[in-house]
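What follows is one structure encoded as structure tokens, with my remarks underneath.
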Amino acid sequence: MTNSVRSYAKHLVSVLFLAFAVISIAQDRLTPELLWELGRITLDDVSPDGKTALFGVTFYNIQADKGNRDLYIIPTSGGEAKKITAFDGSENNGQYRPDGKRIGFLRGSEFWEMNPDGSDQRRVSTEVMSGFKYAPDGKHILFIRDVAFTQGPIDDKPEDLPKANGKVITDLMYRHWDSWEEEKYSNVFVVAYEDGKLTSEPFNIMQEPYDSPLKPFGGMEEISWNAQGTAIAYTCKKLSGKSYAMSTDSDIYYYDLQKGQSRNLSQGMNGYDKQPVFSPDGKSVLWHSMERNGYEADRQRIFVYDLTTKESREVSRGYDRDILTAKWSADSKTLYCTTGEKATYQVGSINVATGAFKMITEGVHDYHNFGLASANTIIAERTSMSYPLELYKVDLTTGKQEQLTFINKKVLDPIAMGEVKKRMVKTTDGKDMLVWMIYPPNVDPTKKYPTLLYCQGGPQSAVSQFWSYRWNFQLMAANDYIVVAPNRRGLPSFGQEWNEEISGDWGGQAMKDYLSAIDDAAKEPYIDPDKLGAVGASFGGYSVFWLAGNHNKRFKTFIAHDGVFNLESMYGTTEEMFFVNWDLGGPYWDPALKEEYLQHSPHKYVQNWDTPILVIHGEQDFRVPVGEGMQAFQAAQLRGIPSKFLYFPDENHWVLKPQNGILWHREFFDWLDEWLKPGGRS
């Protein structure tokens, strides 16, 4: 071998070694692309004998720009997960038949069944279904699908103008969340079933132009069979148009299959009543209830209705937190639930007879949906800021928690996560506020880091131990930003008083809390006080817009996603009017509210704007319409402030498509790096 060849070979080895080192370094930290490689897990069911958990995992194909969900099983005693469906397209709503001999699921909108090991997959019916549930006696199924009704806020176009596409609108709720009213409503159907076959024509038990489940977020948890398979309880808000837009008064309806009649179990209860669940002994039904009409963030209580006496009572009385997912014990004497506790979500229990509450789990994590595997064990979804959702087994007696699934272990094991710490900060009114601090992996305390104030949405939505695929704190930390995430005024899990202090005071104490959090953090020697940014979405976007006009030069840049900029135009264009009526106090034309709108609307402080800002918004966001983002960007441009507008024509309040999600993160970090890192502008 000649010297020149040896030299070239040596050089090539060096280049390859350096390339491998760069790849290795890059792969030990979280990236936007890696986020989309992770499997997204949700629990579907637990087998009747409690020995197997059924769950789904969605994997995304970035090039195809879509996801695919398959079903898996895993022994509740532990072991390897087994994939049991692999169709082209997603499988959802997996559910064990009451006898445990088959698993039903939806492939698209078709009802299929298979053996518990995934073999013998057969289509049961071509009936269009959006969700279904087996009756406990195995003799019927209920299912939901959209039904066309003529009643609606949009009139038909004239027959002689077939190409006209104008909508003649005569009432409110003509659009909701991200879709226009098409005069179709989700109704509940019942059909006879026997051993893999539907044996009668489906019957619509509602036959009304109202939705069950409630739109836009309700699912099959809002409909339930009784233990005998003879009755159904379902959630419905039997209002339309302006009345619907102004109210949160949903009710629980009880449908008797033999009588063919429905009755309202929650008559006279004025707020949201949702998610009915019959007791195993067939004597009672529970539901989640909010007291006040129009207040969507009211304390979520649990009521139990006695089917014999026809009386209901609150069993969560005296517990000053929201009760979320609630399920009966096998003996109908205990309710197991999830509940917020100081910026985490834990598993607890309620004694049905006495109302006594007991916390079962503790730790820095969030628990979500769960299923009972035995009298003493549940299988539950658990997540944290440092790890995406996996399934855990929880001992209800001891509180012991054991990880059951490891879907993302191989991908995440090489990834270094930053430390998450609690920090208690005094607010301007002398209260203690919990602030999460998220640090870069292998943080060097001798260095100074650019730092982000994270502003939460909601406005009543806890900065808990959630794992987000957009607002991911570990991804921000992986890009060498320290994150300051306060549980400011108005966030749940700290009691109802703290939670309610946001309503009618958007630009008040909550904004002071944000400034208290960032000012306190900026005292640390490892935080660069000259490289601070503020970021947030929804109410967090509102917060960013408000801070942009009131920050006294604390921040060097801002990012606002789908934020409220102008309270008057927000009131005039959003869809669920109950929300703005409660949180803003009423309409902008009310003379008594003139000062409140002036004080709290970010657009009234634009004359103070002096800081670069990135504005992001989706065209299909009807909750916070796109004009809010456009107004903010236009104001920044006309003020001569460095600004950029990232616009998504096909996204709603969230960013759901893989390629849009990666673009979102690239623009997010490019903007922050430009204004907050060495070599960037300042």
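Observations on the model:
- Whole-Å distance, taken between Cα centres, linking the stretch 571-645 and the stretch 30-67: 36
- Summing +1 for each Lys or Arg and -1 for each Asp or Glu among the other residues whose beta-carbon sits under 13 angstrom from that of residue 313 gives 0.
- Residue-count net charge about residue 560 - beta-carbon cut-off 12 Å; Lys, Arg +1, Asp, Glu -1: -1
- Per residue accessible area in Å² of the chain, where ligands, DNA and RNA are left out and the probe is 1.4 Å: 43
- Between residue 179 and residue 309, the simple spin-label model (points 7 angstrom out along Cα→Cβ) gives 4.2 nm.
- The stretch 398-414 versus the stretch 151-214: alpha-carbon centroid distance in Å: 42
- Adding -39500 (n - 2.57) for every DSSP H run of four residues or longer, then dividing by how many residues the chain holds, sets the calculated 222 nm ellipticity at -5500 deg cm²/dmol.
- For the chain, the relative contact order works out to 9 percent when only alpha carbon pairs closer than 8 Å and six or more residues apart are counted.
- Here the peptides 169-180, 342-353, 544-555 are ranked by packing, the mean other Cβ count within 10 Å, and the order with the highest first is 544-555, 342-353, 169-180.
- Once C-alpha pairs closer than 8 Å and six or more residues apart are averaged by separation and normalised to the residue number of the stretch 494-590, the relative contact order reads 28 percent.
- By average C-beta atoms within 10 angstrom, highest first, the peptides 84-95, 229-240: 229-240, 84-95
- Charge tally for residue 192 (other residues, Cβ to Cβ under 15 Å; Lys, Arg +1; Asp, Glu -1): -1.
- Helical segments meeting 15 Å axial Cα length and Kyte-Doolittle 0.5 threshold in the chain (DSSP H): 3-27
- Fully extended contour minus Cα-Cα distance, from residue 201 to residue 283, at 0.36 nm per residue: 26.5 nm
- Judged by the mean number of other Cβ atoms found within 10 Å, the most tightly packed of the peptides 636-645, 294-303, 492-501 leads the ranking 294-303, 492-501, 636-645.
- Those GluC sites (Glu not before Pro) in the stretch 588-673 that DSSP places in a loop and that have at most 16 other beta carbons within 10 Å: 619
- Rolling a 1.4 angstrom probe over the chain with all protein chains present gives an accessible area of which 50% lies on carbon and sulfur atoms.
- Counted residue by residue at 0.36 nm each, then reduced by the alpha carbon distance between them, the extension gain from residue 650 to residue 362 reaches 99.6 nm.
- For the chain, a simple Cβ point-charge model (Lys and Arg +1, Asp and Glu -1, everything else neutral) yields a dipole of about 1660 debye relative to the Cα centre.
- The string of couplings for the stretch 404-420 from the Karplus curve (6.51, -1.76, 1.60, θ = phi - 60°) is 9, 9, 9, 4, 9, 4, 4, 6, 8, 3, x, 8, 7, 9, x, 6, 10 Hz, one whole number per residue in order, with x for Gly and Pro.
- For Cα extents along the principal axes in Å, the value calculated from this model appears in (i) 84, 62, 50; (ii) 82, 82, 64; (iii) 97, 68, 44 under label (ii).
- Over the stretch 524-661, all Cα pairs binned in 5 Å intervals from 0 give whole-percent P(r) values of 2, 11, 20, 22, 18, 14, 9, 3, 2, 0, listed from short to long.
The values are calculated or read from the model by the stated rules, or taken from the named source; none is laboratory data. The structure displayed is predicted, hence computed values, not measured ones. Please note: Cβ atoms are built from the backbone with ideal geometry, for glycine as well, and neighbour counts cover all protein chains shown. What goes into the accessible areas is simple: the full protein's heavy atoms, side chains included, and nothing from ligands, DNA or RNA. Shrake-Rupley method; radii C 1.70, N 1.55, O 1.52, S 1.80 Å.
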